[in-house]
Structures are given as structure tokens and as C-alpha cells.
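Trainee: Here it is, the structure, as C-alpha cells.
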Amino acid sequence: MKIFVTGGAGFIGSNFIRHVLSLKKDYQIVNYDKLTYAGNLANLDGVAEHTKYSFVKGDICDLQAVEKAMKGCHAVVHFAAESHVDRSIYEPGPVIETNMTGTAVMLQVARKLQVEKFVHISTDEVYGDMRPGQFADEESQLQPSSPYSASKAGSDLLVRSYVRTYGFPAVITRSSNNYGPYQFPEKFLPLVITNAMDNKALPIYGDGKQQRDWLHVEDNCRGVLAVLERGREGQVYNLGGIDIEENLSVVKHVLRLMGKPESLLSYVKDRPGHDRRYALRCEKMEKELGWTPSIPLEQGLLQTIDWYKNNSAWLAGVRGGDYRSYYAKYYENRDHSLQAI
Ligand code: NAD
Ligand code: DAU
């Protein structure tokens, strides 16, 4: 089985490639990635030399390049996306281009080349804000709130249209907030861990009472592989974690585990349109594919904190260049930068 993985130099994609190569001796992987600010070949340390792995630098919006690279592949796992909600609010254009046009190109080429399975990686954010006590299952309405989640919902609908119109063999996964090794520190948990390591302020948006469903990236990768191998064509599968927690309580948890003071907490202006709560029902993954999440938040946080502490060279690499100016622009003068949106 030769798998075409897009976005394999990003956080989840790189963890997925490592997961597959360690378990599946008869699988080959072609990693197709544009290497945006979020793509980093250092995420694939130790993988580059693997005989079953190859890398092609390219944009998913470039039809000819995608077709050339995808030839001979049996399946596609499509992770590539602009994945950060805040950036999508500040600058929606590139997010819509990659997440929607890029997915449209991927579908067009994969259909032409008659791939046997297409796994589209989506997100719980497409269901939008959940009221207290409410959970989204795979049939729930799509009510995205941000340009990011709207572009993901749009790409889900394109996938669905290919299934219905062409009988295209696609499957969609919608997972909750992933965390774990190799996550770029623009996202909440790695930002909090790495700022706390340096005794820097931890920015909490609004009142910090927004709830997220935390899923360790290894649990997600195990779920995506199960969907690739056994997911039913045309279906959607939710993948959520064990713990739904308020942001503030997760940060306090991290501070306790790191032995750092709560005086590092810093309440800052809220994200515009910020969803209060995400919560998924995942019985379908359990019933059909025997998947349940296995890593509790406490265990996952300890492992993740250790990973960031032990990978200072990786961290110095990703924090150089663009990250510094991004951080200065959106955190060091946050009230002002949000007014400019
Ligand atoms: P990431 O930002 O870490 O990585 C994205 C990767 O895609 C990068 O390697 C980047 O270079 C590549 N990429 C971006 N634009 C591209 C383009 N035009 N052509 C080719 N490659 C391009 O993202 P992630 O957190 O690993 O997320 C992966 C997927 O999972 C995304 O589709 C995201 O929407 C989805 N998802 C993420 C989470 C999460 O918590 N991180 C949760 C649910 C779903
Ligand atoms: O739910 C799945 C989604 O999870 C994925 O589809 C996205 O790709 C991924 O980025 C993530 O989106 P979120 O917006 O939930 O993640 P983020 O890490 O940006 O923020 C998590 C929560 O923390 C959210 O409520 C906003 C808050 N936050 C975030 C940052 C960066 C803060 O309070 N302070 C911060 O500095």
C-alpha cells in the first residue's frame, strides 16, 4: 500500500507518518508538503532515511504538481491545511485558498488517478459552539464560527459532494483539539508550556472558561489509521479525547505539573467570535472500528511537557524568524492588533 500524505511535515501529519512506519512494514509513504511556516522537516527526524518514505515539496493548490506526485499511490490521507484559528481571523485569504481550493484540487486529482481510499482530515470546529450538556455526533449540523472552521466545513462539503456525485471512496475524520510532541507553539498548549519554561506570561483569552476536548496526537493517529484501513466509504467519524476541560483549568494543571506559579497567568483580550465549548460523541468510532482514546490528560501533559523540555534545539528552530514577529504582533500589543482586524 502506497499512501500519499499531505501536510506530513506538520504536527499531526508527522506524528502519523512516524506511527504508520513503526507499525506497518508493507506500507510506503509519499509526504507532500509545501513547508509553510508550520511545516518543518525537523518534525521528521529519523524518518527521512527510511526506505519506505519519500518527500516531495509542493502546494496542494498546484494541480499538475499534485498529479505528478500522487501517481502510483493507492490511498490519500489529506492533513494539509492552514490550521490556526487566530491566523484565519487576522488573514482569511490563505486559509480559504489552501483549505478549500487545495482540497478541491486534491479531490479532482485523486478521482482522476482512481485512488482506492481518500481520508479527509477535518475538525470538531465545523459543528460550532456547543451549549452546556450538548454533544455533536456525525449527523449534527455544520455551524462553523471562524474563517478557519468555515473553510474546513466547506472542504467537508466538497468531499461529500464527490461521494454522492461520483461514488468517490472518501471518508472524513473530525477530531477534537490535539496536543503532544512537535506541535508548533502558536497553539495553546505548546505556547503555555514553552512560555512557562521561560517564566513568560501565559495569555488567557477572555475569562478562560472556554471548554476544549483534549486528544493526545497518538490517539488521533491510531484513529486515522483505523479509518484508513477499515472506515466505511462516505462516512464521517468523530474522534474525541477523554477529558473536556476549561482552558484555565488546563493551564493551572500544566503549571502544577511544571512547579510554576499561577502569577504567570495573564488575561488578554478575547479572540473575536470565540467558541465557548466543543464536545463530541465518538460512539461510532468505538462501535465500528473498536477505537477509544487511551491517554488521559494528566499522562499526556506530563509526556508533552517532558518532550518540550528535552527538545530545546527543535524549539529554538521553530521559534526563530516568523514566530518572533507573529508573537510580537498579536500578543505584545494585543488590544491594538485586534482593533486593526
Ligand atoms: P499544522 O499547521 O501543524 O500542519 C499543516 C501542514 O500542512 C504543514 O506541514 C504545512 O506546511 C502544510 N501545508 C499548509 N498549506 C499547504 C499547501 N497549500 N500545500 C501543501 N502543504 C501545505 O496542522 P496540524 O495541527 O497538524 O493539522 C493537520 C490537519 O488536522 C489539518 O487539516 C487540521 O485542520 C486538522 N485538525 C487539527 C487539529 C489540531 O488540534 N491540531 C484538530 C482537528 C483537526
Ligand atoms: O478543535 C480542533 C481545532 O483545535 C483544530 O481544528 C485547529 O486546527 C486547532 O488549532 C485547534 O483550534 P483551537 O482554536 O481550539 O486551538 P488553539 O490552540 O488556538 O486554542 C485552544 C483554546 O485556547 C481556545 O479556546 C483559545 C484559547 N487560547 C489560545 C491561544 C493561542 C488562549 O486562551 N490563549 C492563547 O494564546
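Trainee: Go through the range 66-85 and give me each residue that's open to solvent by 30 Å² or more (accessible area, probe 1.4 Å), within 13 Å of ligand 1 (Cβ to nearest atom) and small (G, A, S).
Mentor: Scanning the range 66-85 gives A81, S83.
Trainee: Can you go through L44, L35 and tell me which one is of a type outside the set (V, I, T), crowded, with 18+ Cβ neighbours inside 10 Å, touching a strand residue (DSSP E or B) at 6+ places or on another chain (Cβ under 8 Å) and farther than 19 Å from V115 by Cα?
Mentor: None of the other options fit; the residue is L44.
Trainee: Can you tell me how many residues within the range 226-244 are within 17 Å of G167 (Cβ to Cβ) and of a type in the set (K, R)?
Mentor: Within the range 226-244, residues that are within 17 Å of G167 (Cβ to Cβ) and of a type in the set (K, R) number 1.
Trainee: A further question on this structure: Among the numbered conditions (1) acidic (D, E); (2) within 23 Å of R18 (Cβ to Cβ); (3) in contact with a strand residue (DSSP E or B) (Cβ under 7 Å, 6 or more places away or on another chain), tell me where E138 comes up short.
Mentor: Status for E138: all satisfied but (2).
Trainee: Sort through A65, A81 and tell me the only one that's free of Cβ contacts under 8 Å to residues at least 12 places away in the same chain and either in contact with a strand residue (DSSP E or B) (Cβ under 6 Å, 6 or more places away or on another chain) or among the hydrophobic types (A, V, I, L, M, F, W, C) (or both).
Mentor: Testing whether each residue is free of Cβ contacts under 8 Å to residues at least 12 places away in the same chain and either in contact with a strand residue (DSSP E or B) (Cβ under 6 Å, 6 or more places away or on another chain) or among the hydrophobic types (A, V, I, L, M, F, W, C) (or both) leaves just A65.
Trainee: Pick from V30, V56, V20: which is more than 16 Å from ligand 2 (Cβ to nearest atom), free of Cβ contacts under 8 Å to residues at least 40 places away in the same chain and either among the hydrophobic types (A, V, I, L, M, F, W, C) or crowded, with 19+ Cβ neighbours inside 10 Å (or both)?
Mentor: Residue meeting the stated conditions: V56.
Trainee: For the range 206-225, what are the residues that are open to solvent by 10 Å² or more (accessible area, probe 1.4 Å) and away from ligand 1 (no atom under 16 Å from the Cβ)?
Mentor: G206, D207, K209
Trainee: Same structure, new question: How many residues are surrounded by fewer than 16 Cβ atoms within 10 Å (Cβ to Cβ), in contact (Cβ under 8 Å) with a residue 40 or more places away in the chain and not basic (K, R) when one looks only at the range 260-281?
Mentor: Looking only at that region, the number is 6.
Trainee: Next up: Consider L257 against the criteria (1) within 20 Å of D124 (Cα to Cα); (2) open to solvent by less than 60 Å² (accessible area, probe 1.4 Å); (3) in a helix (DSSP H, G or I); (4) out of contact with any Phe, Trp or Tyr (no Cβ under 6 Å at 6 or more places or on another chain): it satisfies all of them except one. Which criterion is unmet?
Mentor: Failing condition for L257: (1).
Trainee: Among the residues of the range 226-248, count how many are under 17 Å from E138 (Cα atoms), open to solvent by 10 Å² or more (accessible area, probe 1.4 Å) and part of a strand (DSSP E or B).
Mentor: Going through the range 226-248 one residue at a time, the tally reaches 1.
Trainee: Here's something else I'd like to know. Which ones in the range 86-114 are open to solvent by 10 Å² or more (accessible area, probe 1.4 Å), farther than 16 Å from T36 by Cα and either hydrophobic (A, V, I, L, M, F, W, C) or within 14 Å of ligand 1 (Cβ to nearest atom) (or both)?
Mentor: Answer for the range 86-114, where residues must be open to solvent by 10 Å² or more (accessible area, probe 1.4 Å), farther than 16 Å from T36 by Cα and either hydrophobic (A, V, I, L, M, F, W, C) or within 14 Å of ligand 1 (Cβ to nearest atom) (or both): I89, M100, T101, A104, V105, L113.
Trainee: For residues that are among the polar types (S, T, N, Q) and within 15 Å of ligand 1 (Cβ to nearest atom), scanning just the range 115-134, find the one that is surrounded by the most Cβ atoms within 10 Å (Cβ to Cβ).
Mentor: S122
Trainee: If you don't mind, there's one more thing I want to ask. Among the residues of the range 1-17, write down those that are more than 14 Å from the chain's Cα centre (by Cα) and within 16 Å of ligand 2 (Cβ to nearest atom).
Mentor: Matches in the range 1-17: none.
Trainee: Where in the range 125-216 are there strands (runs of 3 or more DSSP E), lying wholly inside it, with at least 1 residues that are more than 9 Å from ligand 2 (Cβ to nearest atom) and either of a type in the set (S, T, Y) or in contact (Cβ under 8 Å) with a residue 60 or more places away in the chain (or both)?
Mentor: Passing ranges, in order: 170-175, 211-216.
Trainee: Can you give me the ranges of the helices (runs of 4 or more DSSP H) entirely in the range 280-341 with at least 3 residues that are within 20 Å of the chain's Cα centre (by Cα) and not aromatic (F, W, Y)?
Mentor: Fully inside the range 280-341 and qualifying: 297-310, 312-319.
Trainee: Which members of the range 135-170 meet the condition of being within 14 Å of ligand 1 (Cβ to nearest atom) and open to solvent by less than 30 Å² (accessible area, probe 1.4 Å)?
Mentor: Listed by number, the residues that qualify are A136, S146, Y148, S149, S151, K152, A153, G154, S155, D156, V159.
The values are calculated or read from the model by the stated rules, or taken from the named source; none is laboratory data. In this text, all values refer to a predicted model and were calculated from it rather than measured experimentally. Quick reminder, even Gly has a Cβ in these numbers, built from the backbone with ideal geometry, and neighbours come from all protein chains shown. Heads up: the accessible areas ignore ligands, DNA and RNA and are worked out on the full protein's heavy atoms, side chains in. Shrake-Rupley method; radii C 1.70, N 1.55, O 1.52, S 1.80 Å.
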